[in-house]
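Here is the structure we will look at.
The values are calculated or read from the model by the stated rules, or taken from the named source; none is laboratory data. All figures in this text were calculated on a predicted structure; none of them were measured in a lab. Note: ideal-geometry Cβ built from the backbone for every residue, glycine included; neighbour counts use all protein chains shown.
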Amino acid sequence: MLLGVSIVVFVAMHLLPGDVATLLLGDRATVASLARLRHQLGLDQPVLVQYWRFLTSALDGDFGLSLRDNRPALGEVLAAFPTTVELTVSALALAVLVGVPLGVFAAFKEGSWLDTAITTPTLFGVSMPVFWLGLMALLLFSEVLGWLPTGGLLEVGAPVPVRTGFSIIDALLTGRASLFWQAIRHLILPACTLATIPLALITRITRGEVLASMHLDHVRTARAKGLPEGRVRRAHILRNALIPIVTVIGLQLGLLLSGAFLTETIFSLPGLGRLMVDAILARDYPIVQTGALFIAGLFVVVNFGVDISYALLDPRVRRR
Amino acid sequence: MNRTFSRRSVMLGAGAAVSGLTLADAAPRAFAAAPPDTLVIGMAADPTGLDPEAVLNNTSGFIMAAVFDSLMKYKPGTTDPMPGLAQSYEVAPDGLTYTFHLRQNVAFHDGTPFNAKALLDGIDRLLKKSSPIYIYNTGPVEGYIDFTYGSVTSYTASDANTVVFKLKTPNAPFLTSLAMVWNGVVSPAAATKYGKDFRQHPVGTGPYVFEEWRPRDAVILKANEKYWGGRPHVTNLVFKEYPDPSAGLLALKNGDMHIWADTSTQLLPALQADHQLRILTQPGLATSGVGMPCDTAPFNDVRVRQAFNYAVDKNAIDKALYHGLAAMMTSPLPGSEWSFDPSLKGYPYDPAKAKALLAAAGVKPGFEVELLAYNSPRGYNPIGPDLGVAVQGYLEKVGVKINVRKVEFGAYLSTIRSAKYKGLFLVGWTGDNGDPDNFLNALYGGTNIPVTDTPRYKNDKLDALFVKGLQSTSHAARVAIYQEAQKIILHDAPWIFINSVLQVRAISDRVKGYQLNPTQMFFDLEKVSLA
C-alpha cells in the first residue's frame, strides 16, 4: 500500500506544472542559475531515475533533503508531528467526551425539546467553515475579551530548554506551573475550533446508533427478563451502538492526524498540515513524499487500533 | 497498548483544556502581550535558510539583515551605498580597481576577528572550488554570487585590513551589490564548524546574534553586546510567523507583534482604524504591469502595445484596488530609483486614442486574447490576479476581449518563460540592489530573453546603452544613459505600465527609531527601541 501511495504522490507532484528551482529563484532567475540549481537538486535527471533514487534511499531510511531548506525530510516531518498529535488528541478528546454523552442523552430523550436543542446545533457544527469559526473565536477570546493568546505553541521567547516538540510536555519538563498553563492556554482555541466538526459528527452518529439499538429484539428481551433499566442501557444498548461510533472516531483520528491545515494556519501552529501544504506549493518533493508515506502509515496504525477495539467491544469478532 | 496510550492522553488533554478555561476567567490578559524587552517582527512565511549567499527569499533576508553586515551598507531609508564593514573605499579612475579599508576591532558572533583574511576566506567560499568551505558543497545555492562577483578577476589583501578587488570590465553597480543583505559577511570559522548546517546556524557581525530557529514558528535572536554600531536598544528580537493575515492583524493589535513585515494591504482599513498602530509607507523598489509578447502578432506592432497602455486607467486602479498605495508608472523605472526621469509622463488614460491606434494597426473590435495571472499576491502586486481582472475590464471598453486565466505562481513562471507563450501576462519586478541596470537591463535587455525579459522585447540601440551604463564610472553619465533608455522603453511599450506599489508596514506605536528601506530589509535594527 505504501508503495502505491509513493507512486501516486510522485506522479501527482510531477504532473503539477512549475518546478522548485523556478520557485526558489523567483523572478530573478537566469537560464544559467536555473540550470545549475536544477542540477544541484537532481531535477535534471529523468523522472523515473528520480523516483528510483527516492525509493531505494527511502528503503534505507534516507528520505532525502528538503529542496527548500536543505534539511532532512524525515526530520522535518517528525518535528511537525508532535504539534499535530497534541492538537488532534485534545480536539478529539473534547469531541468524544462531549459528543458521545450528548448523543446518548439526545437519543434517550428522543423527540423532546432537549433532543432538538442538541441535534440542531450539531447540524451547524458539521457544516461550519473552520477558518471562519477560528477567526471569530480569536476575535472574541483574544481580541475582545483578552483571555487567550492569539497563536503559537507558547509565549514568544518562553524559556524551554528541552524540546520534545510537545509544548505541554516541554512546559512540564521545566517544572514551572506557569509555563504549563501557558501551553494549555495556547491549545484551547485551536483544539476547540478543530473539535467542532468531529464533535457534531460524533454526537449525531451516537444518537442515531443508540436509537437504532434501542429498538432491537434483544433489548426488548432484556427488558422482558426484568433487567434494571440502567443495565439494559449500558450493556445492551450502548455497547451495541459503540462499534460504528468507534469507527467514526477512528476515521476522524486518522483525518486529524494527517494535519489540520486551516486550524494550524489561523493559530500559527507548526504542524503537519502546514508543512505539507507549504511543501506542495513549493514543489518540495521529498517533504511531500515523506509526509504522504508517514500519513499513510499512520492510517494503517489507526485502522489497526480500531480493528482491535472491535474485538474488545464485540465478543463475536473476538471468536473469529 | 496503543489504545491505552491514546485513551490516557485523551483524558489528560480534555481535563487540561477544561481547567485552562476556568483559569482563563481568573486572569484576563495575563499572556496577551509579548514579554518586555522583546521586539517581535511578524512575517507571513518560514525562512528557508539563513546563509546569505545560499538563499534568496525575502523572509530569510529579513532575519539575515539583523545577523550579518556587508562590506557596504545602504544609507538609512535609501539604496545609496555607504561604507559598512569597510570603513572607507577608493575606486580607481578606470573603474577596474576597488580598494576597501576594513573596520578594525570588529569580531564575528563566535569571537573570530573580522579582518582581510576572514573576508577573503569568505569570498573563497563563494568563488574557489578548492576552498574547504566552498558554498556549492553545502547544498543548493540560489544566491547573488555571479550577479555580484561576475566581473571580479582577483581579490587580494594588501595588508591585514585592506582588500583590493580587480575587475575585468567596469561594473558600476558593484558597490550597491556589495551592500545587499545577500552579500552579508559570514564567519569562516563558523562556516567550517557547521559545514552543511551553516544555513541553520548563521554567524555574522550584525547587531543581533542568532539563538534558535523553530521551523514554521519563530527565529529567536539576542542583542550583540559588542556591536560596532552600538549595543542594540532591545535585548531580544523574535521573527515570528503568522501565516494567516487576519491572525497577524489581531497579534499586532494585541501587542503580541510590533512590526508586521508582511503587512496585508487588504486589511489596511482595519489597521488605520486602530490608533495604537502606525502605518509606514515609502516609494517601493518595484514595478508591476502586463507583459505583451513583442514577437507575436498583433503585439509586434508598437501601435497595438501603445493602444493597450492608453486603454487602461492606472490611476483609477491604484485608487480603487490598491487603497491609493501605488503610484502610476510614468517611466519603466520606479520613482525610488536615482536615475528616474521625472519629465516622462507615461501613458495617460485615453480610450479614444487607444481605439484609433488599434484601428490603424488593423486590430478589429472583438479581438480576443488570454491574460495569464499568478493566483496569489506578490511583493510588487499585493492584489495578485485582481489586477488582471481590472485590465480585462478596461480593454473590453476598447473592443478587446480578454480571458483571464489564473494559475499557481510556479506554473505561471514556467509558462511565461517558455519563450512560446502568445498571450498577455501579469509581470512585475522587485529591485535587488537599487541600481537602474537591475530594472531596465534585467526586464528589457535583449540578453535576458526569455527569463526576465519575458515579453521577448529586443532593441539593439537599447542593448548598446546598457553596456555603456555598466561600464561608465561617472554618476552623471549613468543618469543620462538610463534616462535615454527610459524614453526608448516607454515609447516601445513592451508592458502595459501599471504601477509601482508603495512599501507598507504597520507597526505598533511602541516602536521607536524604525525606518523602512526600499529593499524591504530590516537594516539598522540596533537603533530600534520599544517605548
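Can you tell which of A:PHE294, A:PHE304 is assigned to a helix (DSSP H, G or I), aromatic (Phe, Trp, Tyr), touching a Phe, Trp or Tyr at 6+ places or on another chain (Cβ under 8 Å) and modelled with pLDDT of 85 or more?
Numbers: A:PHE304 fails: touching a Phe, Trp or Tyr at 6+ places or on another chain (Cβ under 8 Å).
Sole residue among the options that is assigned to a helix (DSSP H, G or I), aromatic (Phe, Trp, Tyr), touching a Phe, Trp or Tyr at 6+ places or on another chain (Cβ under 8 Å) and modelled with pLDDT of 85 or more: A:PHE294.
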Some residue of segment B:241-253 being surrounded by fewer than 24 Cβ atoms within 10 Å (Cβ to Cβ), touching a Ser or Thr at 6+ places or on another chain (Cβ under 6 Å), polar (S, T, N, Q) and within 11 Å of another protein chain (Cβ to nearest Cβ): no
Residue pairs meeting the criteria (Cβ under 6 Å; at least 6 apart or on separate chains; first more than 30 Å from B:PRO385 (Cα to Cα), in segment B:495-523; second polar (S, T, N, Q)): B:ASP509/B:GLN276; B:LYS512/B:SER529; B:GLY513/B:SER529; B:PHE523/B:ASN517
Residue match in segment B:280-293 (condition: in contact with a helix residue (DSSP H, G or I) (Cβ under 8 Å, 6 or more places away or on another chain), assigned to a strand (DSSP E or B) and aliphatic (A, V, I, L, M)): yes
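To keep it simple, each residue is scored yes or no on (1) surrounded by 15 or more Cβ atoms within 10 Å (Cβ to Cβ); (2) closer than 28 Å to B:THR519 by Cβ; (3) in contact with a Pro (Cβ under 7 Å, 6 or more places away or on another chain); (4) among the hydroxyl-bearing types (Ser, Thr, Tyr).
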position: B:GLU337; (1), (2), (3), (4): yes, yes, yes, no
position: B:ASP341; (1), (2), (3), (4): yes, yes, no, no
position: B:LEU344; (1), (2), (3), (4): yes, yes, no, no
position: B:LYS353; (1), (2), (3), (4): yes, no, no, no
position: B:LEU357; (1), (2), (3), (4): yes, no, no, no
position: B:ALA361; (1), (2), (3), (4): yes, no, yes, no
position: B:PRO365; (1), (2), (3), (4): no, no, no, no
position: B:GLU368; (1), (2), (3), (4): no, no, no, no
position: B:ASN375; (1), (2), (3), (4): no, yes, yes, no
The one condition in (1) within 7 Å of another protein chain (Cβ to nearest Cβ); (2) touching a residue at least 40 places away in the same chain (Cβ under 8 Å) that A:LEU97 fails to fulfil: (2)
When residues of segment B:387-430 are limited to those that are without any contact (Cβ under 8 Å) to a residue 12 or more places away in the chain and more than 10 Å from chain A (Cβ to nearest Cβ), the one nearest to B:ILE317 (Cα to Cα): B:GLY393
Where A:GLN252 falls short, out of the listed (1) under 27 Å from A:PRO101 (Cα atoms); (2) at pLDDT below 85; (3) within 14 Å of another protein chain (Cβ to nearest Cβ): (2)
Qualifying residue in segment A:200-217 (condition: away from chain B (no Cβ under 14 Å), touching an Asp or Glu at 6+ places or on another chain (Cβ under 9 Å), free of Cβ contacts under 8 Å to residues at least 40 places away in the same chain and over 30 Å from A:PRO159 (Cβ atoms)): no
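Which helices (runs of 4 or more DSSP H) does segment A:50-166 wholly contain that include 1 or more residues that are under 28 Å from B:ALA45 (Cα atoms) and either among the acidic types (Asp, Glu) or in contact with a strand residue (DSSP E or B) (Cβ under 9 Å, 6 or more places away or on another chain) (or both)?
Values: elements: A:73-108, A:113-127, A:130-137.
Because the criterion is at least 1 residues that are under 28 Å from B:ALA45 (Cα atoms) and either among the acidic types (Asp, Glu) or in contact with a strand residue (DSSP E or B) (Cβ under 9 Å, 6 or more places away or on another chain) (or both), the helices (runs of 4 or more DSSP H) in segment A:50-166 that meet it are A:73-108.
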Residue list for segment A:193-233, restricted to those being surrounded by fewer than 17 Cβ atoms within 10 Å (Cβ to Cβ) and charged (D, E, K, R): A:ASP217, A:ARG220, A:ARG223, A:LYS225, A:GLU229, A:ARG231
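Only one residue in B:SER88, B:SER19, B:SER70, B:SER60 is at pLDDT 90 or above and within 14 Å of chain A (Cβ to nearest Cβ). Which one? Spell out how you get there, then give the answer.
Numbers: B:SER88 fails: within 14 Å of chain A (Cβ to nearest Cβ); B:SER19 fails: at pLDDT 90 or above; B:SER70 fails: within 14 Å of chain A (Cβ to nearest Cβ).
The match here is B:SER60.
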Pairs, first at positive phi in segment A:102-118, second loosely packed, with under 15 Cβ neighbours inside 10 Å and part of a helix (DSSP H, G or I), C-beta under 6 Å, six or more apart: none
Test: residue in segment A:263-279 that is within 14 Å of chain B (Cβ to nearest Cβ), farther than 23 Å from A:LEU201 by Cα, assigned to a helix (DSSP H, G or I) and touching a strand residue (DSSP E or B) at 6+ places or on another chain (Cβ under 8 Å): no
Matching residues in segment B:254-269 - criterion: being within 11 Å of chain A (Cβ to nearest Cβ) and surrounded by fewer than 23 Cβ atoms within 10 Å (Cβ to Cβ): B:ASN254, B:GLY255
Which listed residue is modelled with pLDDT of 80 or more, basic (Lys, Arg) and under 23 Å from B:ILE416 (Cα atoms), from A:ARG53, A:ARG38, A:ARG28, A:ARG71: A:ARG38
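Residue under question is A:GLY4, and the condition is that it be in a loop (DSSP other than H, G, I, E, B) and more than 10 Å from chain B (Cβ to nearest Cβ); does it hold? Give the derivation first.
Working: in a loop (DSSP other than H, G, I, E, B): no; more than 10 Å from chain B (Cβ to nearest Cβ): yes.
No.
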Matching option when the condition is of a type in the set (Ser, Thr, Tyr) and more than 29 Å from A:VAL156 (Cα to Cα), among B:SER131, B:SER187: B:SER131
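May I ask you to say which residue of A:LEU78, A:LEU41 is within 8 Å of chain B (Cβ to nearest Cβ) and out of contact with any Ser or Thr (no Cβ under 9 Å at 6 or more places or on another chain)? Working first, answer last.
Numbers: A:LEU78 fails: within 8 Å of chain B (Cβ to nearest Cβ).
Testing whether each residue is within 8 Å of chain B (Cβ to nearest Cβ) and out of contact with any Ser or Thr (no Cβ under 9 Å at 6 or more places or on another chain) leaves just A:LEU41.
Could you say which residue among A:VAL89, A:VAL5, A:VAL20 is out of contact with any His (no Cβ under 7 Å at 6 or more places or on another chain), surrounded by 14 or more Cβ atoms within 10 Å (Cβ to Cβ) and within 28 Å of A:THR193 (Cα to Cα)?
Values: A:VAL5 fails: within 28 Å of A:THR193 (Cα to Cα); A:VAL20 fails: within 28 Å of A:THR193 (Cα to Cα).
Only one candidate passes the filter, namely A:VAL89.
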Check on A:ILE287, within 26 Å of the chain's Cα centre (by Cα) and crowded, with 18+ Cβ neighbours inside 10 Å: yes
Every pair of residues 6+ apart whose Cβ atoms lie under 9 Å, when the first sits in segment A:275-293 and is within 17 Å of B:ALA411 (Cβ to Cβ) while the second is among the polar types (S, T, N, Q) and part of a helix (DSSP H, G or I): A:VAL277/A:THR265; A:ARG283/A:THR22; A:TYR285/A:GLN50
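Can you spot a residue in segment B:399-410 that is closer than 26 Å to B:PHE147 by Cα and crowded, with 16+ Cβ neighbours inside 10 Å?
Step one: list which residues in segment B:399-410 are closer than 26 Å to B:PHE147 by Cα, which gives B:409-410.
This time we only want the ones that are crowded, with 16+ Cβ neighbours inside 10 Å, so: B:409-410.
Yes.
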Qualifying residue in segment A:114-126 (condition: over 30 Å from B:LYS196 (Cα atoms), crowded, with 16+ Cβ neighbours inside 10 Å, away from chain B (no Cβ under 12 Å) and modelled with pLDDT under 85): yes
Count of segment A:62-75 residues which are of a type outside the set (D, E, K, R), in contact (Cβ under 8 Å) with a residue 24 or more places away in the chain and within 11 Å of another protein chain (Cβ to nearest Cβ): 3
Whichever residue in segment B:59-85 is of a type in the set (Gly, Ala, Ser) and in contact with a helix residue (DSSP H, G or I) (Cβ under 8 Å, 6 or more places away or on another chain) and, among such residues, is surrounded by the fewest Cβ atoms within 10 Å (Cβ to Cβ): B:GLY61
Matching option when the condition is out of contact with any Asp or Glu (no Cβ under 9 Å at 6 or more places or on another chain), facing chain B (nearest Cβ under 9 Å) and of a type outside the set (S, T, N, Q), among A:LEU145, A:LEU133: A:LEU145
